[in-house]
Every structure is written in C-alpha cells, then in structure tokens.
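Every read-out reported here was derived from the displayed coordinates using simple, explicitly stated rules and does not represent laboratory data. All of these numbers come straight from a predicted model, not from anything done at the bench. Glycine also receives a Cβ, built like all others from the backbone with ideal geometry; neighbour counts cover every protein chain displayed.
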Protein chains: 4
Amino acid sequence: MQTVMSAEDLMAFLVVEFDQVANDFVVEEVGEGKIRVRLVVDDRHLRPGGTVSGPSMFALADVAAYLATLALVGPKALAVTTNCSIDFMRKPAAGVDLVAHATVLKLGKLLSVTDVLIHSHGMDAPVARATLTYAIPQK
Amino acid sequence: MQTVMSAEDLMAFLVVEFDQVANDFVVEEVGEGKIRVRLVVDDRHLRPGGTVSGPSMFALADVAAYLATLALVGPKALAVTTNCSIDFMRKPAAGVDLVAHATVLKLGKLLSVTDVLIHSHGMDAPVARATLTYAIPQK
Amino acid sequence: MQTVMSAEDLMAFLVVEFDQVANDFVVEEVGEGKIRVRLVVDDRHLRPGGTVSGPSMFALADVAAYLATLALVGPKALAVTTNCSIDFMRKPAAGVDLVAHATVLKLGKLLSVTDVLIHSHGMDAPVARATLTYAIPQK
Amino acid sequence: MQTVMSAEDLMAFLVVEFDQVANDFVVEEVGEGKIRVRLVVDDRHLRPGGTVSGPSMFALADVAAYLATLALVGPKALAVTTNCSIDFMRKPAAGVDLVAHATVLKLGKLLSVTDVLIHSHGMDAPVARATLTYAIPQK
C-alpha cells in the first residue's frame with residue numbers, strides 16, 4: 001500500500017475540512033497503511049475523575065482510521081464511516097494524551113477496513129481498540 | 001424489567017455526574033427497559049455541511065444505553081461501557097435534533113446489553129444503530 | 001421496502017445455491033424488510049450440555065440477514081457478508097429450535113444493514129442479537 | 001501475561017470438551033497472550049466455489065480467541081463468548097487451510113478481549129479479522 005499524503009498533508013486537510021476538531025489531533029507519523037495520531041487531551045475530553053470520555057476515544061479512533069485511509073487514497077472529504085466496533089478495555093491515565101496506532105487491513109474500491117489501538121501516552125497496556133469501515137466515495 | 005429511576009431522576013443524575021454534557025441531552029421517556037433520549041443539536045455537534053458528527057451520534061447512543069441501564073439498576077456512576085458496535089446508515093438531516101430509542105435486551109449481574117436506534121427528529125428512516133455493553137460495578 | 005421474493009422463492013434459492021446448509025433452515029415468514037427463519041436444531045449444532053453452539057447461532061443470523069436482503073433485491077448469490085457484530089446474551093434452551101427475526105434497517109445501492117434477534121423457540125428472552133452488513137454485487 | 005497451558009494441553013482440552021469440532025483445529029503455537037490455530041479445511045467448511053464459509057471463519061476466530069484466553073487462565077470449559085465483531089475482507093483461497101493469529105489485549109477478572117487475524121495459509125493479505133470478548137466464570 002502506497003502512501004499519497006504525508007503527515008503535513010493530512011493535518012492541512014483536517015484544518016480545511018474539519019476545523020472544529022483539527023486542534024484536538026496531531027498526526028505524528030504516516031507509513032504504508034499505518035498512521036499514528038495523538039489526541040491532545042483537554043478539559044472538554046474528560047469525565048469526572050480526569051479520565052478521557054468514551055466519545056473522545058471514539059473520535060480519536062474515527063479520525064485515525066479516516067486519515068489512515070486518506071493517506072492511501074488521497075483527500076476525499078466525503079468518505080464516511082459506515083461501521084465501528086470499539087472495546088473499552090482500561091481506564092485511560094488521568095491528564096495524559098492518548099495515542100492511536102491505525103493499520104489499514106483492507107483497501108478496496110468501495111470499502112476500507114482499519115484497526116486502531118489506543119494507548120495512554122507512555123503506557124504499555126492499550127486502553128481501547130476499534131475497527132472502522134469507511135465507504136470510499138465513487139466518482 | 002422494573003424501572004427504578006424516572007426521567008427526572010436520570011436527568012438529575014446526569015447533571016450531578018456528567019455536568020459537562022448534561023445540557024446536550026433530554027430524557028424524554030422511560031419505560032420498562034426502554035428509554036427515549038434527545039440530542040439537542042448545537043454547533044459543536046456538527047460537521048461542515050450541517051450534519052451531526054459521528055462522535056456526537058456515538059455520544060448519544062452511549063448516554064441512551066447508559067441511562068436505560070441505570071433506570072433498571074439505580075444510580076451507579078461507575079458503570080462503564082465495555083463494547084460498542086455502531087452502524088452509520090444515513091446522513092442525519094441538517095439542523096434537526098437526533099432522537100435515540102434504547103432497549104435493554106439483557107440485564108445480567110455483570111453486564112447489560114442495550115440496542116439503540118437513532119433518528120433525525122420526525123424522520124422514519126434511522127440514521128444509525130448501535131449496541132452497547134456495560135459492566136455493572138460489583139459491590 | 002417491497003418484497004420481490006417469497007418464503008418459497010427463498011427456500012428454493014437456498015437449496016440451489018447452498019445445498020449443504022439448506023436443510024438446517026426454514027423460512028417461516030417474509031414481510032416488508034422483515035423475515036423469520038428457524039434453525040432446525042440437530043446434533044451437529046450442539047455443544048456438550050445440549051445447547052446450540054456459537055457458530056450455529058452465527059450461521060442462523062447470517063442466513064436470516066442474507067435472505068432478508070435477497071427478499072428485497074432478488075436472488076444474488078454473490079452478495080457477501082462484510083461485517084457482523086453479535087452478542088451472545090443467554091444460553092439457548094437445550095433441544096429446542098432457534099428462531100431468528102431479521103429486520104433490514106438500510107437497503108442502499110452498495111450495502112444493506114440488517115438487525116437480527118434470536119430466541120429459543122417459545123421463549124421470551126432473546127439468546128443473541130446480531131447486526132450484519134452485506135455488500136450487494138454491482139452489475 | 002504468563003502461559004499456563006501448552007499447545008498440547010489445549011488440544012487435549014479441545015478433544016475432551018469439544019470433541020465434535022476438535023478434529024477441525026490444530027493449535028500450532030502458543031506464546032505470551034498469543035496463539036496460532038489452523039482450520040483444517042474440509043468439504044463441510046466450504047461454500048459453492050470452494051471458499052470457506054463465513055460460519056467456518058467465525059468458528060475459527062471463536063476457537064482461537066477461546067484457547068488464547070484459556071492458555072492464560074487454565075482450563076475453564078464454562079468460559080463463554082459474550083460478543084464478537086468480525087469483518088470479512090477477502091475471499092479465502094480455494095482448497096487452502098485457514099490460519100488464525102490471536103492476541104489477548106485484555107485479561108481482566110471478568111472479561112478477556114482478544115483480537116484475531118485470519119489468513120489463507122501462505123497468503124499475505126488477511127481474509128478476516130475479529131475481536132471477541134469472553135466472560136470468565138467466577139468461582
């Protein structure tokens with residue numbers, strides 16, 4: 001799988017198309033079908049007790065899988081998530097950014113399937129895993 | 001399945017435990033293992049084009065399933081989502097609230113399983129469906 | 001959603017295309033986007049203790065969702081399951097057939113999404129629920 | 001994560017507890033929270049055209065995740081699958097065994113979560129992926 005967008009391209013795309021959330025995320029690394037994205041944790045991502053909320057983890061998984069797909073197919077703002085399964089496995093560490101590693105398992109003409117593993121920054125045990133399917137817009 | 005919390009009880013619980021998001025949601029109806037929750041759509045829930053974002057739909061599904069479970073087991077702030085599968089089926093209508101109907105399919109000692117169907121208010125075809133599992137805290 | 005295949009049409013299709021499993025299933029009723037399919041439980045579906053195995057429940061969910069989709073789009077042997085999420089909620093009753101109620105939630109050009117609820121025949125509480133996505137073959 | 005059952009232990013367990021399916025599977029390797037299981041493909045696993053059926057792939061994912069969990073917690077026949085999400089990504093090669101690599105992502109007191117990747121033997125691109133949750137029986 002060949003990458004056609006760099007980390008900088010993907011960040012620029014996010015800022016143009018999803019400016020409301022672009023500040024939340026940093027694309028840290030892009031490889032062949034792989035990407036690393038960080039959620040810069042802020043008060044609005046937290047639940048009482050200081051752990052990151054489920055919807056914020058979902059948002060990180062969703063962005064990471066989306067950008068991993070776009071890195072391979074180019075900027076298509078209209079790609080849409082059709083399915084996600086997500087397992088919340090451990091409480092995220094309080095006050096620590098989350099890091100998602102996404103791996104594209106399938107890139108078809110119509111659909112992509114991407115696995116995502118999420119860790120609290122610097123911790124070994126994953127806090128969540130997700131798999132997302134995107135429908136790739138047809139010409 | 002017998003309900004032990006009313007719509008008012010659930011709203012009061014949300015305000016105390018999840019004040020950051022309590023304003024987003026209205027518990028409209030509570031029945032035996034069933035609940036209806038509305039997402040009061042605001043700018044921060046939207047994607048460019050005016051449709052509700054995936055993470056906002058996830059958040060609605062998560063809250064609806066959580067409250068449907070709490071309505072049966074009583075206020076337990078520590079119940080945690082362990083798994084969610086969600087299918088995004090149609091674009092939500094622009095500028096319209098979303099309404100979730102949640103149904104508890106299983107209430108065990110350790111786990112509950114809840115189905116959620118989400119519609120744009122007033123529309124027949126669902127925009128998303130989800131199933132969520134909660135781990136119920138043990139004494 | 002308009003039905004284009006009857007219960008008899010669907011059974012005849014199963015016999016021609018999937019003769020290895022056709023004897024396991026009975027299509028009991030077909031409505032608008034809805035279908036009821038029975039798994040005729042046999043020794044090979046059982047686990048020690050006499051309950052139906054997980055793979056047999058998966059097979060029933062898969063067939064029911066597939067036939068619910070075909071009832072709407074006509075006989076397309078090449079439709080393929082792309083995703084399934086399934087929750088096993090209760091032990092099936094021993095020595096009792098399983099009955100699946102499938103409901104098509106979305107019928108798009110490329111994908112269908114179908115919910116399935118499975119009961120032990122005659123019991124109120126569901127033993128499993130599943131959601132399946134099918135890719136509909138393009139001409 | 002420390003392994004308490006070897007490949008031989010797991011095969012012996014399968015033969016005793018699940019003799020109906022034990023011949024279908026070979027435990028090829030067991031590591032720390034990891035396992036490799038082969039489905040010895042036979043006529044009864046096939047669909048017309050010679051590819052392995054969805055239920056057979058589900059059965060392989062289910063066995064692999066189950067044995068990966070048991071390898072860590074010891075022989076507990078009563079552990080039950082509570083949830084599975086599975087993505088079917090490519091057609092398996094005809095007449096070729098399937099190989100599953102399972103990785104335990106979480107081993108809690110009540111639940112384990114395991115990722116499974118399935119390949120046609122000798123092929124690089126995975127045919128399916130799955131995540132399964134098991135409820136571990138309490139004393």
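Annotations
- Distances in nm from C:His121 to the matching label points in the other copies, shortest first (labels 7 Å along Cα to Cβ): 3.9, 4.7, 6.0
- Contact order normalised by residue count of region D:7-135, Cα under 8 Å, 6+ apart, percent: 25
- Proximal charge balance of B:Pro75 [Cβ under 9 Å; K/R count +1, D/E count -1]: -1
- Relative to the dominant Cα principal axis of chain A, helix A:54-73 is inclined by about 30°.
- Cα convex hull of region B:1-45, projected area averaged across orientations, nm²: 3.3
- Prolate/oblate/rounded label for region C:91-137 (Cα gyration tensor, a/c 1.5): prolate
- Per-residue mean of C-beta atoms belonging to partner chains within 10 Å, peptide B:114-123: 1
- Inter-copy separations for A:Asp19, label at 7 Å along Cα-Cβ, nm, ascending: 3.2, 6.4, 7.1
- Once the Cβ-Cβ distance of A:Asp42 and B:Asp42 is raised to the sixth power relative to R0 = 25 Å, the FRET efficiency obtained is 0.90.
- With neighbour counts taken as other beta-carbon atoms within 10 Å, the residues C:Ile86, B:Ile136 rank, fewest first, as B:Ile136, C:Ile86.
- Other protein chain Cβ atoms within 10 Å, averaged over every residue that makes up D:54-63: 6
- Highest-MSF residue in chain B out of B:Ala102, B:Ala94, B:Ala61 [GNM, Cα springs under 10 Å]: B:Ala94
- Estimated 222 nm signal from helices in chain A, with DSSP H stretches of n ≥ 4 weighted -39500 (n - 2.57), rounded to 500: -8000 deg cm²/dmol
- Alpha-carbon centroids, region C:48-62 and region D:61-139: separation in whole Å: 16
- Distance (nanometres) between label positions extended 7 Å along Cα→Cβ at B:Val26 and B:Lys76: 3.0
- In region B:7-135, inverting the average of 1/r over every pair of distinct C-alpha atoms gives 14.5 Å as the Kirkwood radius.
- Ordered from longest to shortest, the equivalent ellipsoid semi-axes for region C:40-80 are 27, 8, 7 Å, each the square root of 5 times a Cα gyration tensor eigenvalue.
- Helix D:7-17 vs. chain D, principal-axis angle (Cα, 0 to 90°, nearest 10): 90
- For chain A, built as a Gaussian network whose Cα springs stay under 10 Å, the top-fluctuating residue of A:Ser120, A:Ser56, A:Ser85: A:Ser85
- Residue of A:Lys34, A:Lys91, A:Lys109 that the Gaussian network model of chain A assigns the largest fluctuation, springs spanning Cα pairs under 10 Å: A:Lys109
- Calculated over the protein assembly as shown, the projected area of the Cα convex hull averaged across directions stands at 23.7 nm².
- All other residues whose Cβ lies under 12 angstrom from that of B:Ser85 are scored, Lys and Arg at +1 and Asp and Glu at -1, for a net of -4.
- Average Cα contact separation per residue, region D:54-129, under 8 Å, 6 or more apart, as relative contact order %: 33
- Per-residue average of Cβ from other chains inside 10 Å of D:130-136: 4
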